[in-house]
1. Given the criterion under 21 Å from the mean Cα position of the chain (by Cα), acidic (Asp, Glu) and within 30 Å of B:THR14 (Cβ to Cβ), identify the matching residue among B:GLU126, B:GLU119.
2. Restricted to the range A:1-41, and to residues that are within 7 Å of chain B (Cβ to nearest Cβ), out of contact with any Ser or Thr (no Cβ under 8 Å at 6 or more places or on another chain) and over 30 Å from A:ALA211 (Cα atoms), which residue is surrounded by the fewest Cβ atoms within 10 Å (Cβ to Cβ)?
3. Sort through A:ALA211, A:ALA193, A:ALA215 and tell me the only one that's of a type in the set (A, V, I, L, M) and surrounded by fewer than 22 Cβ atoms within 10 Å (Cβ to Cβ).
4. For the range A:155-185, name all the residues that are farther than 20 Å from A:PRO40 by Cα and out of contact with any Phe, Trp or Tyr (no Cβ under 9 Å at 6 or more places or on another chain).
5. Those residues that are more than 24 Å from A:ILE204 (Cβ to Cβ) and charged (D, E, K, R), I need them from the range A:321-363; list them, please.
6. Please verify whether A:ALA175 is modelled with pLDDT under 95 and assigned to a strand (DSSP E or B), treating the condition exactly as stated.
7. Which of the residues spanning the range B:167-198 are more than 19 Å from B:ALA142 (Cα to Cα) and surrounded by 14 or more Cβ atoms within 10 Å (Cβ to Cβ)?
8. Got at least one residue in the range A:239-253 being within 24 Å of A:HIS167 (Cβ to Cβ), in a helix (DSSP H, G or I) and more than 14 Å from chain B (Cβ to nearest Cβ)?
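The values are calculated or read from the model by the stated rules, or taken from the named source; none is laboratory data. Quick caveat, the model's predicted, so the values are computed rather than measured. For neighbour counting, all protein chains shown are included, and Cβ atoms are generated from backbone atoms with ideal geometry for every residue, glycine included.
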Amino acid sequence: MDIARLKSSFARVAMHGDEVPLHFYSDLVLKHPETRQLFPVSMQAQRAHLVEALVTIVSSVDRVEDLAAFLRDLGRGHRKFGALAEHYAAVGDSLLATFAYFCGEAWDTELEADWRDAYALIAEVMTAAAREDEQQHPAFWTGTVVGQEHRAFDVSVLTVRTDPTLHYVPGQSVAVEVPSRPRLWRYYSMANAPRPDGIVEFHIRLIDGGAVSMALAGKAVVGTQLRLGPAVGVLQLDTTLTKDILMVAGSTGLAPLRAMLDQLGGMRQPPPVHLFFGARTADGLYDLPGLEKLSATQSWLTVVPVVAAGPSPGETGLLPDVVSRYSGWAQHEAYLAGPTEMVQDSAARLAAAGMPAASIHVEDFGWSEP
Amino acid sequence: MTSDAWYEEQRRLTPDNLETITFPLTRWGRHGYEEEPVRAFLAEVQAEMLRLVNERASLWQEVQRLRRRVLGKENGNDAVLFGKDDAHVHAVRILSSAQRTADRYVADAQAYSGRLTEEARSRRDEIMIQAHQHADLLLEEARTKARAAAVAAIDGDSLAPQTDHERRAARAEIAYLRTFTEVYRKHLKIYTEDVLRTIEDWEARERSEAREVPDG
């Protein structure tokens, strides 16, 4: 397999931008009409995903370990979409046809054989991971919405019963699909530690124009059955440490940290936790009463409400600024979640104040779809 | 040369960029462009760009088709107007353009529902501000009345009601003022609750309307 030639032909194809994934999906659907139902109505995001995955694969082709890990995740992740082993052959055919089309006269039997081999490898790693995953987990979990509580103008808390019981580590999230928005998945963090009855809570913030969030915020969502993907995410409590903990939550970024508080509460001797909970206005501090109740009974927990502007029950200002007003964080273990910008700013400020990078744990919702 | 070209391609300005771009608002008291004409112009540029992009794509495909035809001739094949793959490529093109249309419909619907909730948000803020102002007004009025009542009471004290009749009248006056305060407080509470309910209704209605916007 001539890797250099594969790469240069890919670069040639890539020059055509969005035309490439557009051609690929049209080719696929024409040859295999039954695959259309695996995708959402609008394919805009889908095309970007394909390009992203292809770029990742081609650019990490020299780092076999990374590539294999990426492909295994991809294979597992595709189970919830309903991807089956036979789809892989169809995708391979259309991918090759697309590359051939855009390579023009540079395409020959040798290059075709190389791409065929490369794709066979990719498909093999992905399907193997999917098969292995099948032994342990369903393709998706069913989540019946059993409760909805409006906490603020644009924030509600959903109570969802999972079937079979969803296993996860506090701080992780799952992709959620609503029946009224088929094939659109958005990531949400569980806001409680796993419970024996399989009940999980999601904090839903209404995002203007956000297809999934708008469906989840509506009253009609109660009683519906959501589809949940497997738990993912790297944000989780390092329970081997006894260091004091700093938590910074912007709006519904509170959810994963709330699950960790739940977990800490179940520990015999939780370390002291300082939680900064911020929102644009005091209205947006949708979980403050609950947090205050918790801190009143749990002496290890200190909650500082932060409001960006206007009257505040605690501090006023932007979260990164307010957190920096306090000192002595360098020896803490920090967990941050919320809007990307707020998380990045806070992380940078903590690092500048002497906190080691390894002690700053971040959940970035930037990769999440609307 | 790896996937750099793709990144380059992704960085280029696309019609979608023009549709979704936002600019920071000018600070108060400074001059900035009026939003609507800028948006209208951007929409025009976006439409034009989309036309150009589509034109470019179909031209490129035409080039490919002609190239295949020429190659076919060179290889001694009987050159026909449509090569054997042309029908399929043509079908792919039609389907691609249909998909683009569907994407645009969904994007429009989503933008529309986004605007609806945005409006709901600002409407709600307006109502809240008005309610606060009204509440402040009512409070101020009540305070003025209370102050007047207190002054009257002190004045009454200094005059020291002489007779039982006058004392009884003063007591009645105080009882009246107390009731008045009670009523006013209740009135204020009902009013506030009513405003909150209106907001909730409005919010619910807005949501159900937003839900009716089809996906595409």
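1. Numbers: B:GLU126 fails: within 30 Å of B:THR14 (Cβ to Cβ).
The match here is B:GLU119.
2. The selected residue is A:MET15.
3. On the way: A:ALA211 fails: surrounded by fewer than 22 Cβ atoms within 10 Å (Cβ to Cβ); A:ALA215 fails: surrounded by fewer than 22 Cβ atoms within 10 Å (Cβ to Cβ).
Residue meeting the stated conditions: A:ALA193.
4. We begin by selecting, within the range A:155-185, every residue farther than 20 Å from A:PRO40 by Cα; these are A:155-173.
Matches in the range A:155-185: A:ARG161, A:HIS167, A:TYR168, A:VAL169, A:PRO170, A:GLN172.
5. If we filter the range A:321-363 for residues that are more than 24 Å from A:ILE204 (Cβ to Cβ), which is where we start, we get A:321-334, A:345, A:347-360.
Across the range A:321-363, the qualifying residues are A:ASP321, A:ARG325, A:GLU333, A:ASP345, A:ARG349.
6. Values: modelled with pLDDT under 95: yes; assigned to a strand (DSSP E or B): yes.
Answer is yes for this residue.
7. Across the range B:167-198, the qualifying residues are B:ALA170, B:VAL195.
8. For the range A:239-253, residues within 24 Å of A:HIS167 (Cβ to Cβ), in a helix (DSSP H, G or I) and more than 14 Å from chain B (Cβ to nearest Cβ): present.
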